[in-house]
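The values are calculated or read from the model by the stated rules, or taken from the named source; none is laboratory data. Remember, predicted model here, so these are calculated numbers, not experimental data. Counting neighbours? That spans all protein chains shown, and the Cβs are built from the backbone with ideal geometry, glycine included.
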Amino acid sequence: MSTLKVDTITKADGTGSLSVPAESGTVVTTASPSLGRRNLIINGAMQVWQRGTSFSSAGYTADRWKWAGGTGSISRQSFAVGSEIEDSPYYLRWAITGNSQNYELQQNIEDVRTAAGKTCTLSFWAKSSSSETLGWAVYQNFGSGGSSLTVASGGTYTATTSWQKFTFTFDMPSISGKTIGTNNFVWVRIAQMTTTNTPTFDFAGVQFEVGSVATPFEHRSYGEELALCQRYYYKHADGSIASNQVVGVGFYESNSVVFGSVKYPVTMRAIPTNVSSSGTDHFSFFRLSGADKFNSLSNALSSANQAGFFNSSEASGTAGDAGSIRLNNASAYVAFDAEL
C-alpha cells in the first residue's frame, strides 16, 4: 500500500486551496461549500424564528435557542446588506437588563451518543456593547432514568465591541458503560455568565462539528433549516400573518364538540404538546349555515405525524355538520412543541 502525503492541494480553477490536517487526513475545503452536513447545531445562522422575533422573558426564542435565567430581551437583528456574517441576513441580540444573575443561551442536540468519544470543535461569532467575559460549555445529558450529567468541556472568552470568531476544540467523553434514558441530549451553551453590568450581546454563525478544525460555516437554505426546526416546534397557523387562516377541516361530533385534524410537514421528535393560543373568540368553525366561535383547542388522538384537536366546552352547533376551523383573532395561533 502506498501513502501520499500532502500539505495543500491547489484547485484547478485557481479560486482557492484545500488543506489537509495532519492528525486526521481529512480534506478540509476553504474555498467551496463541500463537506455538507457537518454542523450539528440547528439554526446556527439564526434564520428561523417561528415563535416571533422579540422576547422579553426567558424561554425559547430563535428556533432551537433557549434563553435561561435573568432578565432582559432577545430579538432578531438584521445585518446591513454586504456586512453579513456567514452569509446569514440575521443575528441574535441579547440585551441584559438585570445583574448578578446567571444567564445562559443554549441548545440541546438530540441524542447523547452524538460525537461521543470524538474530538469536536465549537465555533461562533460574538460581540458585546462593552468588553465582557462569558463562559461556554458542553455537557452530556443522559436523560430521565439515565446516568448523571457529564461535563465534556468548557471555558471562557471575552467579547468586545467588534465581531470576533471564537473557536474551541475539545474531546467529548466516551459514553461506554453509561445508561441512556429518555429525552437524552448533548447540551451546548455558547453564553453563560454572572454579571454586575447590563451589556448587550450579539451572536451569529454557531457551528458544532466533529473534528479538530473549525471548517467554514455550513450554510443551509432557509427551507432546509425550517424543516430541521419543525421536528422540535411547528407553528401551523399564525394570526399575526392572517387572522382568518384555516387551521383544518372539522366537524361536529355532537352538538357541543368540534373536532378537526392537521398533518405536520415533518415527523416531530415525539408526540408534541399543543401550545396553541387561548382567548376570547380566538377560533371559529365555518359551516354552510353560519359560524360558531370558541376560545381554545385541545389535543386528541395525536402522534408524531399528525394532531387531532377539539373544543368541547364553548362551541355549539349541529352534530354531523362539517366545515373549516379557522383563526379569528390577530393574536391567535396553533403550534405544537416537541422540544427536548
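One residue is enough: does region 59-72 have a residue meeting the conditions within 23 Å of G239 (Cβ to Cβ) and more than 13 Å from the chain's Cα centre (by Cα)?
no
Only residues that are at pLDDT 95 or above, out of contact with any helix residue (DSSP H, G or I) (no Cβ under 7 Å at 6 or more places or on another chain) and assigned to a loop (DSSP other than H, G, I, E, B): list them for region 59-81, please.
Those that are at pLDDT 95 or above, out of contact with any helix residue (DSSP H, G or I) (no Cβ under 7 Å at 6 or more places or on another chain) and assigned to a loop (DSSP other than H, G, I, E, B): T61, A62, W65, F79, A80, V81.
Say we look at region 86-117 and pick out the residues that are polar (S, T, N, Q) and not in a loop (DSSP other than H, G, I, E, B); which of these is farthest from the chain's Cα centre (by Cα)?
Among those that are polar (S, T, N, Q) and not in a loop (DSSP other than H, G, I, E, B), it is N102.
Count, please, the residues in region 51-80 that happen to be more than 18 Å from Y222 (Cα to Cα) and among the hydrophobic types (A, V, I, L, M, F, W, C).
Counting residues in region 51-80 that are more than 18 Å from Y222 (Cα to Cα) and among the hydrophobic types (A, V, I, L, M, F, W, C) gives 6.
Give S240, S313, S324 a once-over and let me know the one that is in contact (Cβ under 8 Å) with a residue 60 or more places away in the chain and exposed (fewer than 13 other Cβ atoms within 10 Å of the Cβ).
S240
Mind checking which residues of region 182-215 are part of a strand (DSSP E or B) and either over 20 Å from Q107 (Cα atoms) or of a type outside the set (A, V, I, L, M, F, W, C) (or both)?
If the condition is that a residue be part of a strand (DSSP E or B) and either over 20 Å from Q107 (Cα atoms) or of a type outside the set (A, V, I, L, M, F, W, C) (or both), then T182, R189, Q192, T194, T200, D202, G205, Q207, E209 are the ones that fit.
I need every pair where a residue in region 165-191 that is touching a residue at least 40 places away in the same chain (Cβ under 8 Å) has its Cβ under 6 Å from the Cβ of a residue that is exposed (fewer than 14 other Cβ atoms within 10 Å of the Cβ) and outside any loop (DSSP other than H, G, I, E, B), sequence separation at least 6 or different chains.
Correct list of pairs: N183/S144.
Which residues, counting only those in region 149-174, are under 18 Å from R189 (Cβ atoms) and either outside the structural domain of E104 (by TED's automatic domain parsing) or hydroxyl-bearing (S, T, Y) (or both)?
T150, S153, T156, Y157, T158, T167, T169
Any residue at all in region 99-120 that's acidic (D, E) and more than 29 Å from T196 (Cβ to Cβ)?
Scanning region 99-120 turns up at least one residue that is acidic (D, E) and more than 29 Å from T196 (Cβ to Cβ).
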